[in-house]
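So the structure is just underneath, and the comments pick up after that.
The values are calculated or read from the model by the stated rules, or taken from the named source; none is laboratory data. Since we're looking at a predicted model, the values are computed, not measured. Cβ coordinates were reconstructed from backbone atoms using ideal geometry, including for glycine residues, and neighbour counts include every protein chain displayed. The accessibility values were calculated without ligands, DNA or RNA, using every heavy atom of the protein model including side chains. Shrake-Rupley method; radii C 1.70, N 1.55, O 1.52, S 1.80 Å.
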Amino acid sequence: MASVGTSTPETTATLFSPNRVRRRTLRGVLAAAWKLRLSVAGATVLILLILMAIFAPLLTPYTTNEGSIRNRLQPPVWQEGGTWSHPLGTDGIGRDYATRLLYGARVALAVGLLATLISGVIGVFFGVIAGYFGGKIDTLISTLVNIMLTFPFILLALCIIAVLGSSFTNVVFVLGIGAWPIYTRVMKFEVERIKSLEYMSAARVIGLRNSRMIWRHVMPNLVNTIIVLGTVQVARLIIAEAFLSYLGLGIQPPTPTWGQMLQESIAFSFTWSDIWLPTLPGLAIFITTLSINFVGDGLRDLIDPRERAVL
Amino acid sequence: MGAYVVNRLIQMFVVIVGISVIVFVITNMIGDPVNVLLPPETPYEQREIFREQMGFNRPLVVQYLDFAVDAVRGDFGNSFRTARPATTIVLERMPATLLLTVSATLVATLIAIPMGIISAYKRHSIWDNLTTIFVVTGQAMPIFWLGLLLIIIFGVNLKWLPPSGYGDFGIERLKHLILPMAVLGFFLAPVTERLVRSGMLDALSQDYVRTARAKGLSERIVLFRHALRNTIIPVITVLGLQFGQLLGGAVITESVFAWPGVGLLAIDSIRNSDFPVTQAVVVILAVLISFVNLSVDLIVGVLDPRIRR
């Protein structure tokens, strides 16, 4: 009984991984960190971003919506005329650009994380059910997944957001509802693979109930894949949120978002000296998604080096 | 093969019906069509008479069946805004979208195939690393921002290319095409490169490649005749399956460049609550996507007999 009950991820996939032993020593960890230096850098940037987002009110003397029209379009500090009182300049109605970018990070990260959480829970649930039970349930779920994956995600999101109206909760909801099929598809195949493993037959033979089989023996083996998939999805959903905001269909003013700032900047950037206006919010999105993707890459390498080229 | 095709056709039918149900339900939830069609000051009685005349008071299921019967005949009703048939409006926009997506796919494959071959063949070399940087950058890039920057740099400041729009047929059209094509190509190239790379890595480790090398064939022949040929089929399959995602990228690109394709039409119609047009766009795109997926499957089935189950 005990030998069956202690089945963890270690007992299946990783047991045969050549990296298993090496990773356990300190030198191994350091060597891995060096190999994964991009991911380490990505993680560092990401943690900084999260801290900046959380402590935004402490980092800036301004609020997101105060500003005087007389101060409008001050250039950032590295350009002629820029001052340290507004290190990243001011926008078209004189609001501090750095402050708005900081608070924009809050929205982007919160939406990305929450929407990923929602879609992850729904997607994994359906995927496990479809993969574990198969049959008609599988056919039904797979058909739904096919329908959703066939069609451009962004168009569905746009349609639904038009129904619900744009607010923080609705954007999170729409992205969460739209992004789950990818988990289901991946999870289904993973569960089918796990189900065919020997220890699963052993567990079945000793008469474990389905719920226990799923929680104790299937789910632990899915955690790695879920984490890798989820990481990449956060980046994808941050971009989707930014695009909705850019179209004016995302989170509404006065809450500042990067997409909205990008949209607003268009009206003011027609010369070389104004190009920082659209550059900065886009760069904020890009740096965030890039560091998330680096982290995701590293996780994938750590978990399964073979999968690197696939996803 | 026959059973396979029938099976796929049934799947295609289910997907299209599913999407049409989703869009029908969603657009009917957006708001009361009566509010969109009649001026706000219309008295209540007149609204109800109008609702009755238009059949908006019937159960949603009945309305859907009615909609589906008309849709099969290509009739999605008239646009609430211009009163022209929605199908015509969508089909008019189709060439622009096809021009954009096809040219972007060409650009993406022209970049991705050589990159994928080199990075797989010279694994862990500087080329492989540069390619990886390209891929990671591409996947993290918000393409609407890239588009905006290109417009500001090449369109507004340098004035080399038109910043947006469609242009007249001919050279003007091509000039207008370059920036959106580059953006959408950049959206598609990373995925394609990864597919080519992993396929080539896989192929190069196969026995037949070793045999070919042992026979003394030149590396060029081994690479292109043996390895690449076996890599291309899965690449085509996945690209075909991702046609929907490509259209998603086209929606974004079109909205940035005011490229008058179906994607821009979709966004406009959603914004204006022009339900017949939204429904027509979504269903016609679903048919197009399913058709592309099916044709890719069938072409690959013909090319690769192992797939015909």
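Brief remarks on what is shown
- Of all residues in the range B:3-19, those that are more than 7 Å from chain A (Cβ to nearest Cβ) and closer than 14 Å to B:Leu298 by Cβ have Cβ atoms under 7 Å from Cβ atoms of residues that are open to solvent by less than 30 Å² (accessible area, probe 1.4 Å) and among the charged types (D, E, K, R), 6 or more apart or on another chain, in B:Arg8/B:Asp297.
- In the range B:65-77, the qualifying residues are those that are closer than 19 Å to B:Leu37 by Cβ and either small (Gly, Ala, Ser) or touching a residue at least 24 places away in the same chain (Cβ under 8 Å) (or both), and the one that is surrounded by the most Cβ atoms within 10 Å (Cβ to Cβ) is B:Phe76.
- Helices (runs of 4 or more DSSP H) fully within the range B:78-152 counting 2 or more residues that are in contact (Cβ under 8 Å) with a residue 12 or more places away in the chain and β-branched (Val, Ile, Thr): B:86-121, B:126-140
- Qualifying positions in the range A:138-164 - within 9 Å of another protein chain (Cβ to nearest Cβ) and of a type in the set (Ser, Thr, Tyr): A:Thr143, A:Thr150
- Options B:Val235, B:Val296, B:Val283; residue that is crowded, with 20+ Cβ neighbours inside 10 Å, more than 10 Å from chain A (Cβ to nearest Cβ), in contact (Cβ under 8 Å) with a residue 12 or more places away in the chain and within 22 Å of B:Leu184 (Cα to Cα): B:Val235
Per-residue answers, yes or no, for (1) within 20 Å of the chain's Cα centre (by Cα); (2) among the β-branched types (Val, Ile, Thr); (3) closer than 18 Å to A:Ile182 by Cα:
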site	(1), (2), (3)
A:Asn224	yes, no, yes
A:Ile238	yes, yes, yes
A:Leu247	no, no, no
A:Met261	no, no, no
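- Hits in the range A:183-207 - residues which are free of Cβ contacts under 8 Å to residues at least 60 places away in the same chain and within 30 Å of A:Gly248 (Cβ to Cβ): none
- Conditions (1) among the aliphatic types (A, V, I, L, M); (2) over 19 Å from B:Leu201 (Cβ atoms); (3) surrounded by 14 or more Cβ atoms within 10 Å (Cβ to Cβ); number of the one not met by B:Ile113: (2)
- Scanning the range B:96-124 for residues that are among the β-branched types (Val, Ile, Thr) and over 24 Å from B:Thr253 (Cβ atoms) returns B:Ile117, B:Ile118.
- The number of residues in the range B:245-280 being open to solvent by 10 Å² or more (accessible area, probe 1.4 Å), farther than 27 Å from B:Arg73 by Cα and of a type in the set (Asp, Glu) comes to 0.
- Helices (runs of 4 or more DSSP H) fully within the range A:82-178 that include at least 2 residues being modelled with pLDDT under 90 and under 30 Å from A:Leu48 (Cβ atoms): A:97-133, A:153-164.
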